[in-house]
Amino acid sequence: MENYVKGVNIDPEISLSELPFNYLPPGVVWMKVRPGSKMTNLIEYALKSMEECRSQVWTGVGPAIGKCISCVEIMKRKIPNLHQITKISYHKCEEYWNPKNNELDPIRIVRNIPVLHVLLSSDSLDSTVPGYQLSQPSQNINFRQVKKITTKRKLRNKRETSTP
């Protein structure tokens, strides 16, 4: 690739009509997660919009999939009894490379980038659709208590292993 210079990238935007859901509730909010997105900003906006509109679609492309999953899990903890449908697809991106000398031909690379779409709704969704998941009721976990228990276990295990 040292004989080539990067050319144009053609990365078409995904439209709302291209989402892989059979039915989207009216007025759905579409949360597009990017690698540089701040999670706090996403979550704050999503929580406010969930009060007005009862459903959201979260989309993460490529390296933003992990952040998208984290945001969805946080939303499921903050808002109990959410219904979820998850779909995975691929998005085509074309990359062009121009040769540095005229003897070589230009190169066109087509990549299939993974895309994750998650539909969250406070209203019930079709449970027969593949990818459907009902959120578990929120559990109040006392993290201080968990920390005490794990610290006690570590101390006990340390004493047991150090005794000859």
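The values are calculated or read from the model by the stated rules, or taken from the named source; none is laboratory data. As the structure is a computational prediction, the values presented were derived from the model and not from experiment. Cβ coordinates were reconstructed from backbone atoms using ideal geometry, including for glycine residues, and neighbour counts include every protein chain displayed. With ligands, DNA and RNA removed, areas are computed over all heavy atoms of the protein, side chains included. Shrake-Rupley method; radii C 1.70, N 1.55, O 1.52, S 1.80 Å.
Things worth noting here:
- Residues satisfying the stated conditions in segment 25-39, i.e. in contact with a strand residue (DSSP E or B) (Cβ under 7 Å, 6 or more places away or on another chain), in a loop (DSSP other than H, G, I, E, B) and either open to solvent by 40 Å² or more (accessible area, probe 1.4 Å) or not aliphatic (A, V, I, L, M) (or both): Pro25
- Test: residue in segment 40-51 that is part of a loop (DSSP other than H, G, I, E, B) and in contact (Cβ under 8 Å) with a residue 60 or more places away in the chain: no
- Selection status of Cys68, touching a residue at least 24 places away in the same chain (Cβ under 8 Å) and within 16 Å of Ile14 (Cβ to Cβ): yes
- Number of positions in segment 2-39 that are touching a residue at least 24 places away in the same chain (Cβ under 8 Å) and either of a type in the set (Gly, Ala, Ser) or at positive phi (or both): 3
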